[in-house]
Amino acid sequence: MQAIEPLTILAIESSCDETAAAVMHNGMLKSNVIVSQLIHQGYGGVVPELASREHQIHITPVVSAALEEAQVKKEALHAIGFTQGPGLLGPLLIGNCFAKSLAFALNIPLIGVHHIQAHVLANFIDEPKPTFPFLCLTVSGGHTQMVWVKDYFDMEVLGQTQDDAVGEAFDKIAKLMGLSYPGGCLIDHYAQTGNAHAFSFPPTHIPALDFSFSGIKAAFSRFVQSKPSSFVAENLPDICASIQATLVDMLCSKLIKAAKTTNMHRIALAGGVAANSYLRKQLAVLANQYGWELFIPAMAYCTDNAAMVAMAAYYKYHKGDFADLSIRSFPRMGFYP
Ligand code: KG4
Ligand code: ZN
């Protein structure tokens, strides 16, 4: 790819409960600002209407902070990228309207970015970057997919969850233990001092390269209900380590199968659950065992962020893939461009 320079892009992410903005100059990240909405903690999940209002409050200061940190004036921008979908419709519309208005006012191109593609392309923010093709296990709060990545925007889903996403399973299991939202990182935290063999939970195995997490969630619910009320608090680290190991093993066994099926040794990880320390550790072990070339984004680029949106917008700019002002947000996974 012949790099177009100079090229300064502002990117905006607002698909769920993070309001984020990033500035990228000639493919190098200059700033990455995120405001995580704490308002949802008391509700056990994201409340869409509250999320929309929070995005409205934070988007202008977050964009200003990203420009300031990058020491870039808005008049120096060449394009605006934003998350088009999938995600929550209200939050997506805030980012869409903001990006459109700014691109219109500055008379510069607008670029719509697919959120899951952006997660995959987070693997290109730092060196070393993977070469094509590669296999990417994409694991977030809304998605769990085995993606065959042929090019920046040529991605094929080889398998995906048939029910809950693995991040959703982490969060619902955390909720069953009385932990606050989002619980995935709390399970990771408490598991650090726990014994992963203390309790056993039945992993769900379904055919091909698909996943299913609703069964393990139900099994965990029955486990908690069968115990006295103080049991979870008294055994929290061991329970967290055991359920985390079960969920991670379910992901790893599918990844081994996918690598064998496709005869691929370049393996990448993406999405919020890629921040899980046990998953990162297990993948390093597997890479060693199977001779994989492993790519895992830095922690800051795993959970929702605008750096990954900027990366995707950068490559779209080079394709000349620009949106016009009629571009609509899409809340559901639906298409995969
Ligand atoms: O990618 P992301 O920020 O948002 C979506 O696109 O869904 O992913 C959020 C998910 C949540 O379910 C959260 O609990 C999970 O990622 N997560 C983790 C960890 N950090 C975030 N799950 C397990 N261990 C973690 N350390
Ligand atoms: Zn995400």
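The values are calculated or read from the model by the stated rules, or taken from the named source; none is laboratory data. Everything numeric here is computed off the predicted structure, so don't read it as measured data. Cβ: placed from backbone, ideal geometry, glycine included. Neighbour counts: every protein chain shown. Just so you know, the surface numbers come from the protein's heavy atoms only, side chains and all, with ligands and any DNA or RNA stripped out. Shrake-Rupley method; radii C 1.70, N 1.55, O 1.52, S 1.80 Å.
Taking amide H atoms as placed 1.01 Å from N in the peptide plane, the amide H of residue 323 lies under 5 Å from those of 110, 111, 112, each 5 or more residues away in sequence or on another chain. As a quick test, which of the pairs 74/150; 74/100; 30/129; 129/172 have an alpha carbon distance above 23 angstrom in this structure? Table pairs above 23 Å Cα-Cα are 74/150; 129/172. Along its principal axes, the stretch 128-296 has C-alpha extents of 51, 29, 25 angstrom, given from the largest down.
Atom-type composition of the exposed protein surface of the stretch 128-296 places 52 percent of the accessible area on carbon and sulfur (1.4 angstrom probe).
In the chain, helices alone account for a calculated mean residue ellipticity at 222 nm of -13000 deg cm²/dmol, with every DSSP H run of four or more residues adding -39,500 (n - 2.57). 3J(HN,Hα) along the stretch 271-288, derived from phi through the Karplus expression 6.51 cos²θ - 1.76 cosθ + 1.60 where θ = phi - 60°, amounts to x, x, 6, 5, 7, 5, 5, 5, 5, 4, 5, 5, 5, 5, 5, 5, 4, 5 Hz, with x in place of Gly and Pro.
Its Kirkwood hydrodynamic radius, worked out from the mean inverse distance over all distinct Cα pairs, puts the stretch 50-92 at 11.9 Å.
Potential lengthening of the chain between residue 53 and residue 189 amounts to 46.0 nm, from the contour at 0.36 nm per residue minus the alpha-carbon distance. Once the Cβ-Cβ distance between residue 78 and residue 249 is put in as r, and R0 is 35 Å, what FRET efficiency do you end up with, to the nearest 0.05? Calculated transfer efficiency: 0.15. Axis angle, to the nearest 10 degrees, between helix 48-70 and the longest C-alpha principal axis of the chain: 60 degrees.
Between helix 236-262 and the chain there is an angle of about 60 degrees, using the helix long axis and the longest principal axis of the Cα atoms. Over the stretch 162-316, Cα pairs under 8 Å with separation of 6+ residues give a relative contact order of 24 percent. Rolling a 1.4 Å probe over the heavy atoms of the protein chains gives the chain an accessible area of 42 Å² per residue. Peptides 228-236, 186-194, 65-73 ranked from most to least packed give 186-194, 65-73, 228-236, packing being the mean of other C-beta atoms within 10 angstrom over each peptide's residues.
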